[in-house]
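The values are calculated or read from the model by the stated rules, or taken from the named source; none is laboratory data. Note that this is a predicted model, so its numbers are computed, not measured. We place every Cβ from the backbone using ideal geometry, glycine too, and count neighbours over all the protein chains shown. When the accessible area is computed, the model is the full protein with side chains, heavy atoms only, and any ligands, DNA or RNA have been set aside. Shrake-Rupley method; radii C 1.70, N 1.55, O 1.52, S 1.80 Å.
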Amino acid sequence: MTAPQVQMFGLKKSAATRAAERFFKERRVKVQFVDLGQRPIARGELARFVQKFGLNALLDTGSKAYERSNLAYLRTTEEGLIARILETPELLRLPLVRGGKVLTVGEDPEGWARMLEGPRS
């Protein structure tokens with residue numbers, strides 16, 4: 001059996017991202033970390049999360065970045081919103097984690113644990 005591996009998109013300064021890193025490290029899971037402060041998430045990868053959760057579920061509406069961007073008051077297309085997210089990853093509820101076919105948004109220890117259960121037969 002191969003060791004479990006997850007891909008995590010987040011920011012180093014995000015407490016939830018650090019919590020996820022700690023969760024997987026404690027369980028000896030290899031984490032491929034993509035620091036959104038260094039490199040934006042690929043559109044296709046973001047689309048995978050949008051398709052599963054919807055764009056609004058990915059937004060951190062309580063964040064300072066959301067407040068500063070005035071998104072609560074702006075009418076914008078989904079494409080416009082995605083462009084903003086690519087520019088300002090702080091708008092996202094981080095981390096975005098993918099393990100196999102399981103995707104999670106934000107701090108979600110139950111979802112992370114599901115990733116480690118392996119495929120159901």
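Being in a helix (DSSP H, G or I) and open to solvent by less than 20 Å² (accessible area, probe 1.4 Å) is the filter here, so list the residues in region 17-49 that pass it.
Once the filter is applied, which keeps residues that are in a helix (DSSP H, G or I) and open to solvent by less than 20 Å² (accessible area, probe 1.4 Å), region 17-49 yields 17, 19, 20, 24, 46, 49.
Being open to solvent by less than 20 Å² (accessible area, probe 1.4 Å) and either more than 15 Å from residue 20 (Cβ to Cβ) or touching a residue at least 24 places away in the same chain (Cβ under 8 Å) (or both) is the filter here, so list the residues in region 96-114 that pass it.
Passing the criteria: 96, 97, 99, 103, 105, 106, 112.
Please specify each residue of region 59-73 satisfying the condition of being more than 23 Å from residue 45 (Cα to Cα), of a type outside the set (Asp, Glu) and open to solvent by 80 Å² or more (accessible area, probe 1.4 Å).
Correct list: 64, 68, 73.
Taking the condition in a strand (DSSP E or B) and either open to solvent by less than 20 Å² (accessible area, probe 1.4 Å) or in contact with a Pro (Cβ under 9 Å, 6 or more places away or on another chain) (or both), does residue 86 pass?
In short, no.
Out of 34, 29, report the one residue that is of a type outside the set (Ser, Thr, Tyr) and under 15 Å from the mean Cα position of the chain (by Cα).
The conditions single out 34.
Only one of these is of a type in the set (Gly, Ala, Ser) and within 19 Å of residue 5 (Cβ to Cβ): 54, 99, 106. Name it.
99
Look at region 1-57 and say how many of its residues are closer than 16 Å to residue 102 by Cβ, in contact with a strand residue (DSSP E or B) (Cβ under 7 Å, 6 or more places away or on another chain) and polar (S, T, N, Q).
3
Just name the residue that is nearest to residue 50 (Cα to Cα) out of those in region 3-15 that are surrounded by fewer than 17 Cβ atoms within 10 Å (Cβ to Cβ) and aliphatic (A, V, I, L, M).
Ranking the candidates gives 15 first.
Please work out if residue 93 is charged (D, E, K, R), in contact with an Asp or Glu (Cβ under 7 Å, 6 or more places away or on another chain), within 14 Å of residue 10 (Cα to Cα) and open to solvent by 90 Å² or more (accessible area, probe 1.4 Å).
yes
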